[in-house]
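Asks: This is the structure I want to talk about, given as structure tokens.
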């Protein structure tokens, strides 16, 4: 008797979204390097974090392609992709908006914006860690399904030859 594992149509949303995120990060950094050189701004152009996150995103694309038919919960992939993109794009872009709020006339808005601006890196890392927890869950459960599909611990039954 063959154990029926969940083999569905390939689910490549995680791979595609991570590939697009990787492409955007690389493009933004190439434009930044070009602009800094054009303006004659001295300093380091390429951050080690950019290289690290590019490698991590590339590895995630490869993993999602490899497990595309064995993904345990598609919702976990969506949550992972959403949290990573919030951490890499939405939160840093909101820093510009928060910068304008700092110059607001209201003292209450100014102190809140300053607190958020100072703690922005903690929000980024919290979203990254949370997103990768869902990635790890997806990997663990997907490979657990793949491993358990190969073993059949049951002894052959009397009616197995009649059941498909």
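The values are calculated or read from the model by the stated rules, or taken from the named source; none is laboratory data. The model shown is predicted, which means the values in this text are computed figures rather than measured ones. So basically every Cβ, Gly included, is an ideal-geometry build from the backbone, and we count neighbours across all protein chains shown.
Asks: Give the residues of the stretch 68-87 that are free of Cβ contacts under 8 Å to residues at least 60 places away in the same chain and not in a helix (DSSP H, G or I), sorted by residue number. First the steps, then the outcome.
Replies: Filtering the stretch 68-87 for residues free of Cβ contacts under 8 Å to residues at least 60 places away in the same chain gives 68, 75, 79, 82-83, 86-87.
If the condition is that a residue be free of Cβ contacts under 8 Å to residues at least 60 places away in the same chain and not in a helix (DSSP H, G or I), then 68 is the only one that fits.
Asks: Under 6 Å between Cβ atoms, which residue pairs at least 6 apart in sequence (or on different chains) link something in the stretch 32-50 that is under 24 Å from residue 89 (Cα atoms) with a partner that is at pLDDT below 80?
Replies: As it stands, the answer is 33/45; 36/45, since those pairs meet every condition given.
Asks: Taking the residues in the stretch 68-87 that are modelled with pLDDT under 90 and surrounded by fewer than 16 Cβ atoms within 10 Å (Cβ to Cβ) as candidates, determine which candidate is nearest to residue 29 (Cα to Cα). Reasoning before the result, please.
Replies: Of the stretch 68-87, the ones modelled with pLDDT under 90 are 68-74.
Filter once more, keeping what is surrounded by fewer than 16 Cβ atoms within 10 Å (Cβ to Cβ): 69, 73-74.
On the way: 69: 33, 73: 33, 74: 31 Å.
Going through the qualifying residues, I end up with 74.
Asks: Oh, and also: Residue under question is residue 164, and the condition is that it be modelled with pLDDT under 90 and either within 17 Å of residue 12 (Cβ to Cβ) or exposed (fewer than 14 other Cβ atoms within 10 Å of the Cβ) (or both); does it hold? Give the derivation first.
Replies: Working: modelled with pLDDT under 90: yes; either within 17 Å of residue 12 (Cβ to Cβ) or exposed (fewer than 14 other Cβ atoms within 10 Å of the Cβ) (or both): yes.
Taking the combined requirement at face value, the residue satisfies it.
Asks: Out of the residues in the stretch 22-67 meeting the condition of being part of a loop (DSSP other than H, G, I, E, B) and surrounded by 12 or more Cβ atoms within 10 Å (Cβ to Cβ), tell me which one is nearest to the chain's Cα centre (by Cα).
Replies: So in the stretch 22-67, the residues part of a loop (DSSP other than H, G, I, E, B) come out as 40-47, 67.
Restricting the remaining residues to those that are surrounded by 12 or more Cβ atoms within 10 Å (Cβ to Cβ) gives 45, 67.
Working: 45: 24, 67: 15 Å.
That would be 67.
Asks: I need the full set of residues from the stretch 131-151 which are out of contact with any helix residue (DSSP H, G or I) (no Cβ under 8 Å at 6 or more places or on another chain) and either modelled with pLDDT of 90 or more or crowded, with 18+ Cβ neighbours inside 10 Å (or both), in order please.
Replies: The answer is 133, 136, 140, 142.
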